[in-house]
1. Summing Lys, Arg as +1 and Asp, Glu as -1, what charge do residues with Cβ under 12 Å from the Cβ of E386 carry, E386 excluded?
2. For the stretch 198-349, I need the span (max minus min coordinate) of the C-alpha atoms along each principal axis, in Å, sorted largest to smallest.
3. Nothing charged except the Cβ atoms of Lys and Arg (+1) and of Asp and Glu (-1): what's the magnitude of the dipole of the stretch 63-189 about its Cα centre? Round to the nearest 20 debye.
4. Viscosity 1.002 mPa s, temperature 20 °C: Stokes-Einstein D of the stretch 311-398 from its Kirkwood Cα radius, in µm² per second?
5. Give or take rounding to whole Å, what are the principal axis extents of the alpha carbon atoms in the stretch 267-366, in descending order?
6. Which net charge results when you count Lys and Arg as +1 and Asp and Glu as -1 among the other residues whose beta-carbon is under 13 Å from that of A238?
7. Can you give me the solvent accessible area of W372 with a 1.4 Å probe, rounded to the nearest 10 Å²?
8. Calculate the length of the line joining the C-alpha centroid of the stretch 82-112 to that of the stretch 231-285, in whole Å.
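The values are calculated or read from the model by the stated rules, or taken from the named source; none is laboratory data. The structure displayed is predicted, hence computed values, not measured ones. A quick note on method: Cβ atoms are made from the backbone with ideal geometry, for glycine too, and the neighbour counts reach across all protein chains shown. Ligands, DNA and RNA are stripped out before the accessible areas are found, and what is left, the full protein with its side chains, is counted by its heavy atoms. Shrake-Rupley method; radii C 1.70, N 1.55, O 1.52, S 1.80 Å.
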Amino acid sequence: MAHIVIIGGGVAAGKAAETLRKEQYDGDVTIVAAEPHPPYQRPPLSKGYLQGSEGLDAAILHPAPWYAEHDIELRLGTEVTRLDPGAHRIEMGSDELAYDAVLLATGASPRRLPIEGHDLDGVHTLRRLDDSDALAEQLRGGGKRLVLIGSGWIGMEVAATARTLGNEVTVLERDPVPLAAAVGPRMGEVFRRLHEENGVDLRPNVNVERIVGRDRAEGVMVDGQTVPADLVLVGVGAVPNTALAEAAGLTLENGILTEASLRTSAPDVYAAGDVANAYHPVIQRHLRSEHWDNALKGGAVAARVMMGGDAVHDGIPYFYTDQFDLGMELSGYPPLMKDAEMLIRGDLEAREFIAFWVQDGRVVGGMNVNVWDVQKPIKALIRSGERVDAGALVDTDTPLDSILR
Ligand SMILES: Cc1cc2nc3c(=O)[nH]c(=O)nc-3n(C[C@H](O)[C@H](O)[C@H](O)COP(=O)(O)OP(=O)(O)OC[C@H]3O[C@@H](n4cnc5c(N)ncnc54)[C@H](O)[C@@H]3O)c2cc1C
């Protein structure tokens, strides 16, 4: 009987296994995951789970018994140490497994900051459930001084959660505004105001030199001055977990390079989620997306292809965040959004608006802030690739779904 092996324990792995069974795959399925938990999703780890308003069930895709009920073998707390595409075999230390198809859903790991003091006690990164638990233990009681290095999505979400829990929060950032790399300076400014209004101390344009402390972190040195800290969170991005793929000789380029079908350069080896740099057939270039929705959809596509179907991973990248009273969804192609013009529909000051990224008259990205149920028409505008009337886009009296003729 055919055997599909899935390496990883995130949403891409869990969704791939779920899809195999949903689509009546009747061969053997094994998930091998390094972490001790059944596959789980990470967005709650910086939001409700960290805050304590959501439990483990908000993160876990399915409880462990679900896998047994669906005849999926779960090998948790087990790291795959070698992939041998020639022999169609993986190794886990001295143990091994043969496969007919294998999915690499190994995700990404926090980027390390190579500065003095990065390994002191009290210096955190956030990727795993256990990381969130460790942070929660410090932050839940309030009254701590948290210093964040980096103002990306994870940093800003934790800033909001920590502040809501009654902690003092300082964010140290190289750029002039938070999230500039993700959404550009104008939208970054929206987040800057939001955080400042909620008492977060944002320090832009600074150069972090080192983390100071004798036995544990006591502060962060920036431009010759120490910002005191009870704990430090380093949130400076993530790097794809490509070690297995690299040792196996797969083609790598900013992650594991795949076709739109998520096939890698090795026969019967597939990749999905944060680790995959997949060819996107619509924009005709490779795209590596570090978002939940990409992992969810990629896991499902890989499952269908491994079963012998001919699916492609061609969705529009989608992301969401919640910070204080701001909820946001964003769809778009980051490489095309970089140089696009921005148009605003709604009230920017009141933080109730849609921002469109428009290139050559075509919508290439759309972000709704505290405006809901608009992702469908936003995606339709992007997907159409049609030139649209800028006046209609920004006119709140023109329904979004009437703009495409
Ligand atoms: C705190 C946090 C908050 C986030 N919030 C959002 C959000 O609000 N919205 C959004 O869109 N995205 C968010 N993301 C991003 C999203 O969680 C990721 O895109 C998603 O987790 C990617 O899923 P994945 O399955 O590809 O990889 P991962 O979730 O990283 O899972 C990979 C798993 O593979 C395991 N693994 C790696 N190597 C091996 C090996 N050799 N053997 C066995 N197992 C191995 C790892 O231990 C890990 O458990 C957030 C991420 C974090 C960390």
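1. +2
2. Principal-axis extents of the stretch 198-349 (Cα, largest first): 58, 48, 26 Å.
3. Approximately 660 debye in magnitude.
4. Here the translational diffusion coefficient equals 162 µm²/s.
5. Extents along the principal axes: 52, 34, 19 Å.
6. Spelling it out: positives minus negatives among the neighbours equals +3.
7. 130
8. Rounded to whole Å, the Cα centres lie 14 Å apart.
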